[in-house]
Amino acid sequence: MVSKTEETQLSNLESQVDNGGGGAWEYLCLVRKLKVRRSEKVLKHGLSILNDPKKRSSLGPDEWTLYDQVAVAAMDCQCLDVAKDCIKVLHKKFPESKRVGRLEALLFEAKGSWEEAEKAYSSLLEDNPLDQVIHKRRVAMAKAQGNMSGAIEWLNKYLEIFMADHDAWRELAEIYSSLQMYKQAAFCYEELILSQPMVPQYHLAYADVLYTLGGLENVQTAKKYYASTIELTGGKNTRALFGICLCSAAIGQLTKGRNKDDKESPELQSLAATALERDYKQRAPDKLSLLTTALKSLKVSL
């Protein structure tokens, strides 16, 4: 995560370089340090250094780092000839480098040569089966081709090895949700909540999935996770507040005609509606009438 101070520093340095004030190398180093994507700028200013023999030689060993950085930026910008030239220079200098091998596979990807890229990645994985970057590139390739079942397969294989990768679990959950495979998505969010119980976004996403699945038990559990989201965010999550109201209305419909013991108290729903009204009055007073109409349709009184 880039801090405001770092963002300001990067913006100032970028403006300085763009206006001919120098500092191109410092700018490129900062982009690399902050892990931000400024592909067009990196390509432009990186080439200005690499194409100047004096500037290039002054970098010392960092010259090869810059070739790597420019190669990736060139692929982002679809300047594939530039990327190819940079990788060629790196391959000549480091003929056995696995990182250069990954760059070559990335170039195949950029060209849309999926079979060649897969062969390159498979070869690299034979040498190092635990290379996380390559495993993730396989997932990215499947998604780029619209092969979501393939992406699911690669992600599941990846998670068999790297079970603690929260980003991979979240990506898998999102793919399952996009394919309406909600039970599988729910399992992924359960894993995320078990490993990171204090992250409200996981509670919220899990509640959304359960509510979508429907059924009394799922909706009741969804309501609990909407409530935990509200607790974790200090009562400031509007989506979770709406979720409480929706779940309460759904539970009311699903338990209609049952004994009073089966029904839930309307207290939580009332508190959520009051919090929503207060929130709308502060932040969007012109939308308050819409809120009132929506809640009335759910038979919630403010």
If you fit an axis through the alpha-carbon atoms of helix 62-76 and take the longest principal axis of the Cα set of the chain, what angle between them do you get, 0 to 90°, nearest 10?
50 degrees
Scattering curve values for segment 71-142, log₁₀ I(q)/I(0), Debye with Cα scatterers, q = 0.14, 0.16, 0.20, 0.23 Å⁻¹
-0.39, -0.52, -0.81, -1.05
Calculate the dipole size of segment 15-136 relative to its Cα centre from +1 charges on Lys and Arg beta carbons and -1 charges on Asp and Glu beta carbons; express the result in debye to the nearest 20.
420 debye
Roughly speaking, to the nearest percent, how much of the chain's 1.4 Å accessible area is carbon and sulfur?
51 percent
If you put +1 on each Lys and Arg Cβ and -1 on each Asp and Glu Cβ, how big is the dipole of the chain around its Cα centre, in Debye rounded to 20?
720 debye
Can you spot the aspartates and glutamates whose alpha carbon is less than 14 Å from Lys157's alpha carbon? Ignore those fewer than 8 places along the same chain.
Asp131, Asp165, Glu171
Can you tell me, using C-alpha contacts under 8 Å and at least 6 residues apart, the relative contact order of segment 25-171 as a whole percent?
12 percent
Which of the residue pairs Lys143/Lys183; Lys33/Lys236; Lys136/Lys183; Lys35/Lys55 have a Cα-Cα distance greater than 29 Å in the structure shown?
Lys33/Lys236
On a 0 to 90 degree scale, rounded to 10, what angle separates helix 132-144 from the longest Cα axis of the chain?
70 degrees
Putting +1 on Lys and Arg Cβ atoms and -1 on Asp and Glu Cβ atoms, find which of Ser195, Tyr182, Gly214 reaches farthest to the positive end of the dipole of segment 170-241.
Gly214
Work out the P(r) tail for segment 186-242: percent of alpha carbon pairs separated by more than 17 Å, whole number.
29 percent
Relative to the first principal axis of the alpha-carbon coordinates of the chain, what is the inclination of helix 114-127, with its axis defined by its Cα atoms, in degrees from 0 to 90 and to the nearest 10?
80 degrees
Rounded to two decimals, the Rg over Rh value of segment 1-95 from Cα coordinates and the Kirkwood Rh reads 0.97
Two decimals is fine: what is log10 I(q)/I(0) at q = 0.20, 0.31 Å⁻¹ for segment 1-54, from a Debye sum with one equal scatterer on every Cα and no solvent?
-0.67, -1.37
Relative contact order as a percentage, segment 12-83, C-alpha pairs under 8 Å and 6+ apart, gives 26 percent
Which of (i) 165; (ii) 144; (iii) 179 is the computed volume of the Cα convex hull per residue in Å³? It is (iii)
Along each of the three principal axes of the Cα atoms of segment 161-275, give the extent in whole Å, ordering the values from largest to smallest.
49, 29, 22
GNM on the chain, C-alpha springs below 10 Å: top fluctuator among Ala140, Ala168, Ala273?
Ala273
Please report the net charge: other residues with Cβ closer than 11 Å to the Cβ of Ala71, K and R +1, D and E -1.
0
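Holding the Cα-Cα limit at 23 Å, pick out from Lys4/Lys41; Lys54/Lys111; Lys224/Lys299 the pairs that are longer than that.
The answer is Lys54/Lys111.
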Output ordering of 242-255, 28-41 (per-residue mean of other Cβ within 10 Å, highest first) is 242-255, 28-41
Could you tell me which GluC sites (Glu not before Pro) in segment 92-153 are loop residues by DSSP with no more than 11 other beta carbons within 10 angstrom of their beta carbon?
Glu96
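The values are calculated or read from the model by the stated rules, or taken from the named source; none is laboratory data. If you're wondering where the values come from, they're calculated on a predicted model, not measured in any experiment. Counting neighbours? That spans all protein chains shown, and the Cβs are built from the backbone with ideal geometry, glycine included. Keep in mind that these areas ignore ligands, DNA and RNA; they rest on the heavy atoms of the full protein, side chains included. Shrake-Rupley method; radii C 1.70, N 1.55, O 1.52, S 1.80 Å.
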